[in-house]
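Participant: Below you will find the structure I want to go over with you.
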Amino acid sequence: MDFLTDSQIKELWDKVLKDITEHISSIQLYKQDDTFLGETCTVQTTFEGGYNATLFLCADTALFTRLAQCVLQSETVSQQDVEDFAKEYFNIICGHIVAKIFQAAHVSSRFSIPDFCTGRIIPEDKGKIRFVLNYKSNCNEGIQLIHQNSALEKSNA
Amino acid sequence: MAKKVMVVDDSRIVQLQLQNILSDTDYQVIACCQNGEDALKMYDEVKPDLVTMDILMPGMDGLQTTRLLLEAHPQARVLMVSSLAYDDTINEANNIGAKGFVYKPFDKEQIISSMDKAFSEA
C-alpha cells in the first residue's frame, strides 16, 4: 500500500473516527497513549482491493451503549441494539475511509460487513500490526482501533 | 396521505432510525428488507412510493438491486443511503437512475429534503 504513507492512513482513521462519533452523538474522543478498557466488545472487518488491511475496533460497552442511545433517541437500548449499532457504526466509518482513500489516491477498495463479538479481540500475529489508536471519551470510556496489515499486503511487501 | 417508504438496509439500526425520523412526517415506513433479493420480491407486494437503498449488503449489493428494480419497474423512486460516498459510486447510482444519494450518518433534515427532491424531480 504505497499510495498513502503510514502517517496519512493513520491521520485518515483518526479524523474519520472522531468526526463520525461527534456527528452522530456530540461525544468527543480524545487521543491517549494507552487505553484501559473495562467491559468491552469488538467489531472487526477486512479491507480488500487497493487497500488491504484488517481492522479491529474495541470499545467499552458503555460507550457503544451511549452512542446507540443517541442514535436511537432512547434511554432504553437492548444488548441486540448495542451489537447492531456497533456494526453499523463501524460500517459507516469504513465506508468513509474507502471514500477518502479513493479521493486521495484514486484507489478502489471494499470491506466485509463488520463482525461483532463481546470482549476484546487482539490480533494473533502482533507482528502484522501497523498502528494502534487509543481514545477516551468525555465520560472516560475507552476505544481502541488496531490496524493490521492483511496477509495479501504482507505477501506483496 | 403519507407516502409509502420501503427501507432496504441490512442494519436493523438504520431501519429503526428511519422509522423514528419519518414517524411525524409525510412519509411512512411500510416495509423493511435486509437484502436486495428480498427487496425485489417485496416491491411488487407493497408498491412503495419510494425505496431507500443501502449499498453494502449481504448477497446482492444495493447498486445491482437498484439496476434490477428499475429494469422491472422504471417508475420506481430509489434513494441511495450509504456511507460509500465517492465519485465512482455516486456516478454509478446516478447512471442507473437513482433519484439521489444520502450520506450516512444522516440526519432528519437531509433525509426529508432528499426524499422531497426525489418526488419533485419525478
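The values are calculated or read from the model by the stated rules, or taken from the named source; none is laboratory data. What you see is a predicted model, and the numbers here were worked out from it, not measured in a lab. Neighbour counts are summed over all protein chains in view; Cβ atoms, including those assigned to glycine, are modelled from backbone coordinates with ideal geometry.
Participant: Can you tell me which of A:Y135, A:Y51 is over 30 Å from B:N91 (Cα atoms) and surrounded by 21 or more Cβ atoms within 10 Å (Cβ to Cβ)?
Facilitator: A:Y135
Participant: Give me the pairs, please: first residue somewhere in the range B:16-42 and away from every other protein chain (no Cβ under 14 Å), second residue anywhere and part of a helix (DSSP H, G or I) and of a type in the set (G, A, S), beta-carbon distance under 7 Å, and either six or more positions apart or on two chains.
Facilitator: Pairs found: B:C33/B:A39.
Participant: Name the residues in the range A:14-39 that are away from chain B (no Cβ under 14 Å) and either under 17 Å from A:T61 (Cα atoms) or part of a helix (DSSP H, G or I) (or both), would you?
Facilitator: A:D14, A:K15, A:Q28, A:L29, A:T35, A:F36, A:L37, A:G38, A:E39
Participant: Kindly indicate the residue of the range B:93-107 that is assigned to a helix (DSSP H, G or I) and within 15 Å of B:G36 (Cβ to Cβ) and also nearest to the other protein chains (Cβ to nearest Cβ) among those meeting that condition.
Facilitator: Step by step, filter the range B:93-107, then rank; the result is B:A93.
Participant: Please go through the range B:32-55 and give me each residue that is surrounded by 20 or more Cβ atoms within 10 Å (Cβ to Cβ) and either in contact with a Gly (Cβ under 9 Å, 6 or more places away or on another chain) or assigned to a helix (DSSP H, G or I) (or both), ordered by number.
Facilitator: B:G36, B:A39, B:Y43, B:M53, B:D54, B:I55
Participant: Say we look at the range B:8-31 and pick out the residues that are in a helix (DSSP H, G or I) and β-branched (V, I, T); which of these is surrounded by the most Cβ atoms within 10 Å (Cβ to Cβ)?
Facilitator: In this case the residue turns out to be B:V14.
Participant: Taking the conditions exactly as written (in contact with a strand residue (DSSP E or B) (Cβ under 7 Å, 6 or more places away or on another chain), modelled with pLDDT of 90 or more and crowded, with 17+ Cβ neighbours inside 10 Å), does A:L57 satisfy them or not?
Facilitator: yes
Participant: Hey, A:R66 hits all of (1) in a loop (DSSP other than H, G, I, E, B); (2) in contact (Cβ under 8 Å) with a residue 24 or more places away in the chain; (3) more than 14 Å from chain B (Cβ to nearest Cβ); (4) of a type outside the set (S, T, Y) but one; which does it fall short on?
Facilitator: (1)
Results for (1) in a helix (DSSP H, G or I); (2) within 14 Å of chain B (Cβ to nearest Cβ); (3) farther than 16 Å from B:L56 by Cα, shown as yes or no for each residue.
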position	(1), (2), (3)
A:C41	no, no, yes
A:Y51	no, yes, yes
A:L55	no, no, yes
A:A62	yes, no, yes
A:E88	yes, yes, no
A:K100	yes, yes, yes
A:V132	no, no, yes
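Participant: Kindly provide the set of residues from the range B:56-71 that are at negative phi and in a loop (DSSP other than H, G, I, E, B), ordered by number.
Facilitator: B:L56, B:M57, B:P58, B:M60, B:D61
Participant: Would you be able to say whether some residue in the range B:70-82 is surrounded by fewer than 20 Cβ atoms within 10 Å (Cβ to Cβ) and either within 14 Å of chain A (Cβ to nearest Cβ) or of a type in the set (S, T, Y) (or both)?
Facilitator: Scanning the range B:70-82, I find no residue that is surrounded by fewer than 20 Cβ atoms within 10 Å (Cβ to Cβ) and either within 14 Å of chain A (Cβ to nearest Cβ) or of a type in the set (S, T, Y) (or both), so the answer is no.
Participant: Now, a different point. Given the conditions (1) farther than 21 Å from A:C139 by Cβ; (2) part of a strand (DSSP E or B), report the number of the one that A:C94 does not fulfil.
Facilitator: (2)
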